[in-house]
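A short reminder: the numbers here are calculations on the coordinates, not readings from a lab. Since the model is a prediction, treat every value here as computed from it, not as a measurement. Glycine also receives a Cβ, built like all others from the backbone with ideal geometry; neighbour counts cover every protein chain displayed.
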Amino acid sequence: MSIKNVIVVGFPKSGTTWASRLIAELIQCPLRGDWGYKDIDCPYKEGLERDSQFQCYKSHHTYDEINTVSPLTIYKIIYIIRDPRDIVLSGINYFSFSIPQLAFLKNKKTQTIERFTRKIINRFLPKKEKKKQMINTVLQGDESINYWFKVSWEKHHKNYLSKDILFVRYEDLLDFGETECTKIMSYLDIETTQEHIYNSIKKQSFKKRKQEILNQRNHPLKKLIRKGSYGYWKEEFTKDETYLFKKNIKDSNHFYEF
């Protein structure tokens, strides 16, 4: 039996971990981990005992990379897209930030020192500065924050457009789960029932999974999982910060209003 590999991809902090688990639950297939990293264990693998012709992977790769990082064949790609303004606020609480003066440490010989120094500085760096760096990262890309930020939010998702790829808005998956899951199953050409979709959503609900993780003292996903909501940028962005997104993205995006 030929295995059909389903890749759930998105820009970092777009809800791809949760979406990957939900989609694997819908399909009733294993979630194998990170696409292209078969030798690296990851904390969100699950359902490995499921017997299925499908298997799911999570990815943050650019479109240029995704077909070259694994010898396995891709069956379908599902792109999870999230409002970049909410990605900024989610990223502030997840990534470590530094100061430009330490950029000279960013090389192979000093990367251990750089990571340690960054963690120390991050503890004392004002939230305002973190937000500034994260906004720049989302709008322009900044690999110094994280490897997956080598391109901007806009460039990352635009390269996946006009392909046979299903785009799912993170916000719609939260608000209209049954409708979006029906679209996902149709795209994968898998017959299902509304009862199965309802039960899968219930089992993988963000609130339920978050509580399960928080109940475990040293669960490795504690830092990764956060609010599971959206729109909170409206309360935390200044007018100038909001304008930056309008200026840079408004005329080239149809997923969100800027």
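Relative to the present Cα-Cα distance, how much length would full extension add between residue 257 and residue 41 at 0.36 nm per residue of separation?
Length difference between fully extended and current span is 74.0 nm.
Assuming R0 = 25 Å, can you tell me the calculated FRET efficiency for the pair residue 207 and residue 167, based on Cβ-Cβ distance, to the nearest 0.05?
That pair, residue 207 with residue 167, gives E of 0.55.
How much FRET efficiency would the formula 1/(1 + (r/R0)^6) give for residue 120 and residue 50, where r is the Cβ-Cβ distance and R0 is 30 Å, rounded to 0.05?
So, using R0 = 30 Å, E works out to roughly 0.10.
Which loop-located GluC sites (Glu not before Pro) does the range 119-160 contain, where loop means any DSSP state but H, G, I, E or B and the Cβ has at most 14 other Cβ atoms within 10 Å?
In loop regions of the range 119-160 (DSSP not H, G, I, E or B), the sparsely surrounded GluC sites (Glu not before Pro) are 143.
Residue farthest toward the positive end of the dipole of the range 143-210, with Cβ of Lys/Arg at +1 and Asp/Glu at -1: which of 157, 167, 204?
After comparing all options, I get 204.
Once you place label points 7 Å from the Cα toward the Cβ at residue 158 and residue 75, how far apart are they in nm?
Distance between the two pseudo-spin positions: 3.3 nm.
Taking a threshold of 32 Å on the Cα-Cα distance, which of the pairs 76/132; 13/202; 130/155; 202/247 fall above it?
In this structure, 76/132; 202/247 exceed 32 Å between Cα atoms.
Under a Cβ-only charge scheme (Lys and Arg +1, Asp and Glu -1), can you give me the dipole magnitude of the range 25-72 about the Cα centre, in debye to the nearest 20?
Computed charge dipole of the range 25-72: roughly 60 debye.
For 61, 157, what ranking results if the residue with the fewest other Cβ atoms within 10 Å of its Cβ goes first?
By the 10 Å Cβ count, ascending, the order reads 61, 157.
Could you pull out the trypsin sites (Lys or Arg not before Pro) across the range 26-70 that fall in loop regions by DSSP (anything but H, G, I, E, B) with no more than 13 other Cβ atoms inside 10 Å?
38
Calculated FRET efficiency, residue 150 and residue 238, Cβ-Cβ r, R0 22 Å, to nearest 0.05?
0.20
Tell me, what are the semi-axes, in whole angstrom and largest first, of the equivalent ellipsoid of the range 1-80 as set by the roots of 5 times the Cα gyration tensor eigenvalues?
Working from the Cα gyration tensor, I get semi-axes of 17, 15, 12 Å.
Note down the nm distance, to one decimal, between modelled labels 7 Å out along Cα→Cβ at residue 190 and at residue 128.
Spacing of the two 7 Å Cα→Cβ label points: 4.9 nm.
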